[in-house]
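Data first, discussion second: the structure below is written as structure tokens.
The values are calculated or read from the model by the stated rules, or taken from the named source; none is laboratory data. Since the structure is predicted, the reported quantities are computational estimates derived from the model, not experimental observations. Remember, those area values only see protein heavy atoms, side chains included, never the ligands or the DNA or RNA. Shrake-Rupley method; radii C 1.70, N 1.55, O 1.52, S 1.80 Å.
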Amino acid sequence: WGGTPMPAVAAVAALPASLFGIPFTAFAAFWMWTASSATSRTSGPWSLFPLFGVPFLLIGLGMFLAPFWAYLRARGTVYAVTESRALIIIGGGSAGVSSHSHADMQELMRVERPDGSGSVFFAWRSSASSRGFQDRSRVGFVGIPDVRRVERLIREHILERAA
């Protein structure tokens, strides 16, 4: 089986970051405008003070555009189920292949919407947080049509054949 995630689902999932990006961007722009009006009467190095807001403005714009970035990433992603593994192939700027065999799969979990689309998760990804804690996130096929069929294929081709 081979398929792609539904880009609209990825975009909707990124909406919370976008909503947080609105006030973040607005505050950064307000801060830069206030700093520039306060330093417009001075010269020297203080005239560069408003530029300290540029990184925050760019971060805010990035958060605001999170649904767009998620949409583009989903368009460049391909999922596949072979006889022995599940593959997540990501194209574009952060290209890579994530391969998951029977040994990598812990628990199979399906999240289904009323229209039959949904996500099927089969592994966990651990990463260290900035405070030294372990963050765990689910790995799987997100936002796919006919999720029951894909879950059945993973069970038949990967989990049951390896047992």
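The apolar share of the surface of the chain, taken as the fraction of accessible area on carbon and sulfur atoms (1.4 Å probe, ligands and nucleic acids excluded), comes to 65 percent. Calculated over the chain, the projected area of the Cα convex hull averaged across directions stands at 12.6 nm².
Can you tell me how segment 89-163 classifies by the Cα gyration tensor, rounded, prolate or oblate, using a/c under 1.5 as the rounded cut? Taking the square roots of the gyration eigenvalues as a ≥ b ≥ c, segment 89-163 is prolate. Averaging the sequence gap over all C-alpha pairs within less than 8 Å and six or more residues apart, then dividing by the number of residues, gives the chain a relative contact order of 24 percent. In this structure the chain gives 62 Å² per residue of accessible area when probed at 1.4 Å with all protein chains present.
Span-like helices, the chain: DSSP H, alpha-carbon axial extent 30 Å or more, mean Kyte-Doolittle 0.0 or greater, which ones? Walk me through the numbers before you get to the answer.
On the way: long enough: 15-39 (36 Å, 1.04).
Membrane-span-like by this criterion, though nothing is claimed about a membrane: 15-39.
In terms of accessible area, using a 1.4 Å probe and ignoring ligands and nucleic acids, Glu160, Glu83 rank largest first as Glu160, Glu83.
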